[in-house]
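The values are calculated or read from the model by the stated rules, or taken from the named source; none is laboratory data. Small disclaimer: the values here were computed from a predicted structure and weren't measured. A quick note on method: Cβ atoms are made from the backbone with ideal geometry, for glycine too, and the neighbour counts reach across all protein chains shown. In case anyone asks, the SASA skips ligands and DNA or RNA and just uses the protein heavy atoms, side chains included. Shrake-Rupley method; radii C 1.70, N 1.55, O 1.52, S 1.80 Å.
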Amino acid sequence: MDKLIITGGVPLEGDVRISGAKNAALPILAATLLPDSPVTVGNVPHLQDVTTTNELLGRMGVRVMIDDKMRVEVDPTTLHDCVAPYELVKTMRASILVLGPLLARFGKADVSLPGGCAIGARPVNIHVSGLQQMGADIRIENGFIRARADRLRGARLVLDTVTVTGTENLMMAATLADGVTVLENAAREPEVVDLAQFLIAMGAKIHGAGTDTITIEGVDRLHGVHYDVMPDRIEAGTYLCAAAITGGRVRVKGVRPEHLDAVLAKFREAGMAVSQGADWIELDGRGRRLRSVDLRTAPYPAFPTDMQAQFAALNTVGDGVGTIVETIFENRFMHMLEMRRLGADIRIEGNTAIMRGVPKLTAAPVMATDLRASASLVLAALVADGETHIERIYHIDRGYERIEEKLRALGAQIRRVPS
Ligand code: EPU
């Protein structure tokens, strides 16, 4: 297992190119099961979760080829097994995304039921009940979701909670269903829109992606295409945080600034200078005092839960008191406890963290507990006095492509060593 060693105190400066979005690439790769001819997906990030997804497709008999530019070619016609085994699902919950496509295209799916998760219970009841309402016969047996359907039927589904992968699973399933499906209270995240655009390019009939009502008219078949994954808004936001916390200047390139409206508003509230062009954002924190901010996570277009931990890192050293309320996941404050080990002043009351900025953090060994928590510890370490060792960084490799290389190019003192 590797660890990261970071010596804090260097203001980061420079440009960084943002990779393809993990949370768009995963559903898009799952959706490659739907067409009846090969598909190529470009701008796929080189991440552990992508490797796991490709392995999952490979286990089903699907032919997956990856070139040196991370263009992934998938030929779903060789599939012989509609199973997502426990050993893969337990390492990546997003494996649940094959449930809808398998059922819609092949009439059956045996997908291991994901268990608990470090950030919350994360049930998949909405995925399951939506498919049942579309006519699937689903039983939970031996830790598996066993789903069968001759052909799914279109239905009007009102989702109890706004769920990103739930919306994606049902939208994918509906593309090949008989009749029209309407998803009410659908997730509006840009990754849902990216998936919809991919499905539309393959011949699906979808309207309203990006709003809370998505209408899908089922078609008989989908065909192969080439599609490039959207840029990762969370990776972009994380590098902007690195500029803010170190009092540096970073320009993220190859992004869609409109995906980060709520995040950019918070940077401005924190006293940072933010400018943007058609496909770049620059944050300049030089000579500016970072202020703590109050924020509340909520589904898109509000402030994303996937940026909460990174802003918590900013609040540890911001001027004044900032309050963070996490409304999406019930246990997404593990990083706060690690940040206390670096000297942060944080009080937690239920889903609220009250943070009083301290003049400086001091290095200590800390442990990454999940993906975004790891990113927040890296950010905190970038300003901590001394050498911070971050253990269990396999979490970070699930979602950040070459993070230490990208940070080093911006001037950070960071290295990866075996622990
Ligand atoms: N929920 C249910 N029942 C369901 C599904 C969800 O109660 O059937 C609840 C969840 O427990 C949670 C809320 O609904 O309280 C929202 O969860 P959602 O389903 O939207 O989360 P997800 O689809 O499992 C995706 C991202 C997460 C991101 C969340 C929220 C992917 C692969 N994952 O998860 O990304 O935090 O949406 O935006 O898209 C990450 O990248 O670090 C990450 C965790």
Gap in Å between the Cα centre of region 207-285 and the Cα centre of region 350-419? 22
Heavy-atom surface of the chain, accessible at 1.4 Å and reported per residue (Å²): 38
With -39,500 (n - 2.57) per DSSP H segment of 4 or more residues and division by the full residue count of the chain, the 222 nm estimate, nearest 500 deg cm²/dmol, is -9000 deg cm²/dmol
When the chain is fully extended, how far beyond the present Cα-Cα distance does Ser419 get from Met1, taking 0.36 nm per residue of separation? 149.9 nm
Give the shape of region 293-413 as rounded, prolate or oblate, defined through the alpha-carbon gyration tensor: a ≥ b ≥ c are the square roots of its eigenvalues, a/c under 1.5 means rounded, and otherwise the shape is prolate if a/b is larger than b/c and oblate if not. oblate
Could you please state how large a percent of the accessible area of the chain is carbon and sulfur, counting protein chains only and using a 1.4 Å probe? 47
Eight or more residues apart or on different chains, and alpha-carbon atoms under 24 Å: count the Lys pairs in the chain matching that. 17
So, over other residues within a Cβ distance under 15 Å of Leu88, counting Lys, Arg +1 and Asp, Glu -1, the net charge is -1
Lys and Arg at +1, Asp and Glu at -1: neighbours of Val158 with Cβ under 15 Å from its Cβ sum to -2
Spacing of the two label points (7 Å from each Cα toward its C-beta) at Glu141 and Asp178, in nm: 2.4
What order do you get for 252-264, 301-313 when each peptide is scored by the mean count of other beta carbon atoms within 10 Å, highest first? 301-313, 252-264
What is the gain in length, in nm to one decimal, between Lys69 and Arg221 on full extension, counting 0.36 nm per residue of separation less the C-alpha to C-alpha distance? 51.8 nm
Take the Cβ-Cβ distance between Val325 and Asp212 as r, set R0 to 25 Å, and report the resulting FRET efficiency rounded to the nearest 0.05. 0.70
